[in-house]
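Asks: My questions all concern the structure below.
The values are calculated or read from the model by the stated rules, or taken from the named source; none is laboratory data. These numbers were taken from a predicted model, which means no experiment stands behind them. As a convention, Cβ positions derive from the backbone with ideal geometry for all residues, glycine included, and neighbour counts pool all protein chains shown.
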Amino acid sequence: MTGADVRDIDPGDGRLATPSASLAPAWRSAAPGSAPPTAVQPPRSPAAEEWLESSRAPAGRDWPEIAEHLREGVVVCGPDGVVWHVSPVAERLLPEAVPGGTLANFDGWHAGIAEFTHHGRRLRTRRVALSAGRGCWYVEDVTEHLGSVDALAAEQARAAFLAVVGEKLGNPLHPDRAAAAVVRLAVPALAEVAVLVLAPRSGRARWWRAQRAGDDGPKVDQGLLAAAELPSSVTDSLRGLTPHTVDWLAEQAVEAGWLPGLSAADVCARLVALPGRDAPVGVLLVARPAARWFDEEDIDLLRVFAARAGAALTTALLYRDQAEVADTLQASLLPAEPVQAPGVQWGTAYRPAQAGLRIGGDFYGAHRLPDGGSVFFLGDVSGKGVEAAVFTGQLRQCLHALHRVEAQPARLLRLLNDALLETTLAHGQGRFATLVLGVVRPHRDGGLALTLAGGGHLPPLVLRSSGAVEQLPLSGMLIGVVPDPRVGQVTTRLAPGETCVLYSDGVTEARGGRRGTEQLGTDRLVQAMTGCQRMPAPALAERIEQVTCDWLAQRDHDDIAVLALRATTAGRPQRHLHAVPAPVSPASRAATP
């Protein structure tokens, strides 16, 4: 680099040029016998005389020209601190440094390595000791270098922030948790206060706010506003309009109560929409002190953050909508508990093959009849999971409608078969079901009279008052396969205290045992029920489920369903089992002898 280059461009760019003889005078030195332009030449010491004498040698005369290739400026001082030589680069960086003067006015100059700001530039100096007490200072302009370092550090900080954003917003699948995470991440990385407003739903808009609250992290709260009360800037952003004027954003945020303790003149604010599927899912308002104005880099980072926040919120809202639909459908497909009937105690147990879905292909239920009796049923459809559950829903709806026109079990089962055939043929499903359907009525001599029809299902078991278990001889063909199936029918009577049990093949075909491949079977089920005649119907159904699960030992299984009906004395209140005794009042406890 030449002296001319130094005067025309910023130093430190690394350019080199071949020096010419005409550039040698640009190196300013205190020549022997001459006075400096700004100070009187001090008396020269023996060391200074030696230095000047060496500079007259051919090699000494070449070193100013060699120094012009250096990127750094060079300042040479004598033992007494007086400046002897100043290179052209140093002359540009330190115009106050002149031969014959001193460098005492520069802070940190005498340190080995120092950095300081001078005339708006960031300079770095380092001192090298020379012989005879002399010293040489190298001066470098590091303004651009430090700017690049700062820009790189800022970019790394932004990348690290966005990485944290991606990690934190990738987990919440609930809109409330996702919204709280968005405002919590925005403070203090983007602003001192962040407010997220979701798109209105049913005429109301929910908002979340995070405020910087010391070292404990941001403080998050939330609220609810009517859609008509939202600031106009928020309403416009939710419509997809980008605000071009930001002066009034702070005023609207203050009026909405989102910036407590602050005035519009104290803060600067920005508003950005959070993109959704078809329209913005919400808007994010950020505010910080007016002295920290949002520059272009801040706006770019805010937009990237808003895009990721919008994606997270859109996913969470979509998951919420799907979960609501799934819960509604599951509730409609779950087996309904039987309706209470005079003289009948019901007991049920249900465990689907896919526990996470809570629904399956087994079903049961009961409906009251106008004459005081009840029609009850338990069945199993082909398949598992959601498709099987949908088919059970169709079958239950058919039964709910058909029992109003036909109460005789065999004829009702044939009507159900015709309805299922019409439905399956229309949709090309080819599904079928097994079913036990019965009608129970109070017997005039006490107990219950049962009439049961079978459609290819396992025969019911009756637990007599003696503790013995009897299998009813009920048979029949599958429902939904042929137009006119053979339907079996049987009639029995339950004395008070006796129980009839209907169950699905998920009980008897449960595989377990020592090798895990042996079925539970009807014999083991009968053995588990024998002697349980004193058990209420709910306890007996739960016992059958527990015996089956113990046999499975947490292995995979088919849907399990149990329906038990126990004959009780008509008019006598039902006995309920309580896991926790009812609390006793202090007055009752004091009255107890």
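Asks: In this structure, does L437 turn out to be within 21 Å of Q345 (Cα to Cα), modelled with pLDDT of 90 or more and surrounded by fewer than 23 Cβ atoms within 10 Å (Cβ to Cβ)? Outline the logic, then answer.
Replies: Numbers: within 21 Å of Q345 (Cα to Cα): yes; modelled with pLDDT of 90 or more: yes; surrounded by fewer than 23 Cβ atoms within 10 Å (Cβ to Cβ): no.
The answer is no for L437.
Asks: Give me a count of the residues in the range 296-349 that are under 29 Å from R201 (Cα atoms) and among the charged types (D, E, K, R).
Replies: Qualifying residue count, the range 296-349: 6.
Asks: Further question on the same structure: Quick check on my filter: what residues within the range 447-477 are out of contact with any Pro (no Cβ under 7 Å at 6 or more places or on another chain) and among the hydrophobic types (A, V, I, L, M, F, W, C)?
Replies: Of everything in the range 447-477, those that are out of contact with any Pro (no Cβ under 7 Å at 6 or more places or on another chain) and among the hydrophobic types (A, V, I, L, M, F, W, C) turn out to be A449, L450, L458, L461, V462, L463, A468, V469.
Asks: Identify the single condition in (1) surrounded by fewer than 22 Cβ atoms within 10 Å (Cβ to Cβ); (2) over 30 Å from T315 (Cβ atoms) that A250 does not satisfy, given that it satisfies every other one.
Replies: Condition (1) is where A250 drops out.
Asks: Let me ask something else about it. Of the conditions (1) at pLDDT below 90; (2) more than 14 Å from A186 (Cβ to Cβ), L230 satisfies every one except a single condition; which number is it?
Replies: Of the numbered conditions (1) at pLDDT below 90; (2) more than 14 Å from A186 (Cβ to Cβ), the odd one out for L230 is (1).
Asks: What's the total number of residues in the range 493-518 that are more than 43 Å from the chain's Cα centre (by Cα) and part of a strand (DSSP E or B)? Break it down into steps so the answer makes sense when it comes.
Replies: Our first condition is that a residue be more than 43 Å from the chain's Cα centre (by Cα); within the range 493-518, this holds for 493-502, 514, 518.
Subsequent filtering for residues that are part of a strand (DSSP E or B) retains 493-494, 499-502, 518.
Total meeting the criteria: 7.
Asks: Moving to a separate point now. Can you go through L421, L502 and tell me which one is within 28 Å of R351 (Cβ to Cβ), of a type outside the set (K, R) and assigned by TED's automatic domain parsing to the domain that holds L402? Steps first, please.
Replies: Details: L421 fails: within 28 Å of R351 (Cβ to Cβ).
Checking each option against the conditions leaves just L502.
Asks: Got a sec? Which of V381, V405 is closer than 19 Å to G476 by Cα and touching a helix residue (DSSP H, G or I) at 6+ places or on another chain (Cβ under 9 Å)? Working first, answer last.
Replies: Values: V405 fails: closer than 19 Å to G476 by Cα.
After applying the criteria, what remains is V381.
Asks: With respect to the numbered conditions (1) at pLDDT 90 or above; (2) in a loop (DSSP other than H, G, I, E, B), which one is the sole condition not fulfilled by F305?
Replies: All conditions pass for F305, except number (2).
Asks: Is it the case that the range 147-164 has a residue that's of a type in the set (D, E, K, R), within 30 Å of S87 (Cβ to Cβ) and free of Cβ contacts under 8 Å to residues at least 40 places away in the same chain? Show your work before the answer.
Replies: Start the filter on the range 147-164 by keeping residues that are of a type in the set (D, E, K, R), which leaves 150, 155, 158.
Among the residues that remain, those that are also within 30 Å of S87 (Cβ to Cβ) are: 150.
Of the ones still in play, those that are also free of Cβ contacts under 8 Å to residues at least 40 places away in the same chain are 150.
Checking the range 147-164: at least one residue is of a type in the set (D, E, K, R), within 30 Å of S87 (Cβ to Cβ) and free of Cβ contacts under 8 Å to residues at least 40 places away in the same chain.
Listed here are the residues, each with its yes/no results for (1) modelled with pLDDT of 80 or more; (2) in contact with a Pro (Cβ under 9 Å, 6 or more places away or on another chain); (3) assigned by TED's automatic domain parsing to the domain that holds V562; (4) loosely packed, with under 15 Cβ neighbours inside 10 Å.
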{"site": "F363", "(1), (2), (3), (4)": "yes, yes, yes, no"}
{"site": "A366", "(1), (2), (3), (4)": "yes, yes, yes, no"}
{"site": "K384", "(1), (2), (3), (4)": "no, yes, yes, no"}
{"site": "H400", "(1), (2), (3), (4)": "yes, no, yes, yes"}
{"site": "A407", "(1), (2), (3), (4)": "yes, yes, yes, no"}
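Asks: A follow-up question, please. Can you name the helices (runs of 4 or more DSSP H) wholly within the range 84-188 that have at least 3 residues being not assigned by TED's automatic domain parsing to the domain that holds G73? Even if it seems obvious, please write down each step before you answer.
Replies: On the way: elements: 88-93, 143-168, 175-186.
Those helices (runs of 4 or more DSSP H) span 143-168, 175-186.
Condition check ((1) surrounded by fewer than 17 Cβ atoms within 10 Å (Cβ to Cβ); (2) touching a Leu at 6+ places or on another chain (Cβ under 6 Å); (3) under 30 Å from V439 (Cβ atoms)) across all residues:
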{"residue": "V281", "(1), (2), (3)": "no, yes, no"}
{"residue": "L285", "(1), (2), (3)": "no, yes, no"}
{"residue": "A290", "(1), (2), (3)": "yes, no, no"}
{"residue": "F294", "(1), (2), (3)": "no, no, no"}
{"residue": "A307", "(1), (2), (3)": "yes, no, no"}
{"residue": "L318", "(1), (2), (3)": "yes, no, no"}
{"residue": "P335", "(1), (2), (3)": "no, no, yes"}
{"residue": "A341", "(1), (2), (3)": "no, no, yes"}
{"residue": "Q345", "(1), (2), (3)": "no, no, yes"}
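Asks: Something else now. Looking only at the range 261-302, which residues are part of a loop (DSSP other than H, G, I, E, B), more than 24 Å from T314 (Cα to Cα) and in contact (Cβ under 8 Å) with a residue 24 or more places away in the chain? If you could, list the steps in order and put the result at the bottom.
Replies: First, the residues of the range 261-302 that are part of a loop (DSSP other than H, G, I, E, B): 261-263, 275-281, 290-295.
From what is left, the residues that are more than 24 Å from T314 (Cα to Cα) are 261-263, 290-295.
Hits for the range 261-302 are L262, A290, R292, W293, F294.
Asks: Name the single residue, out of those in the range 483-492 being in contact with a helix residue (DSSP H, G or I) (Cβ under 8 Å, 6 or more places away or on another chain) and assigned to a loop (DSSP other than H, G, I, E, B), that is surrounded by the most Cβ atoms within 10 Å (Cβ to Cβ).
Replies: P485
Asks: List the residue pairs whose Cβ atoms are under 7 Å apart, where the first residue sits in the range 348-359 and is over 16 Å from C549 (Cβ atoms) and in the same structural domain as D556 (by TED's automatic domain parsing), the second is at pLDDT below 90 and among the polar types (S, T, N, Q), and the two are 6 or more positions apart or on different chains.
Replies: R358/Q330; I359/Q330
Asks: Does the range 496-517 contain any residue that is surrounded by 15 or more Cβ atoms within 10 Å (Cβ to Cβ), of a type in the set (A, V, I, L, M) and free of Cβ contacts under 8 Å to residues at least 40 places away in the same chain?
Replies: no
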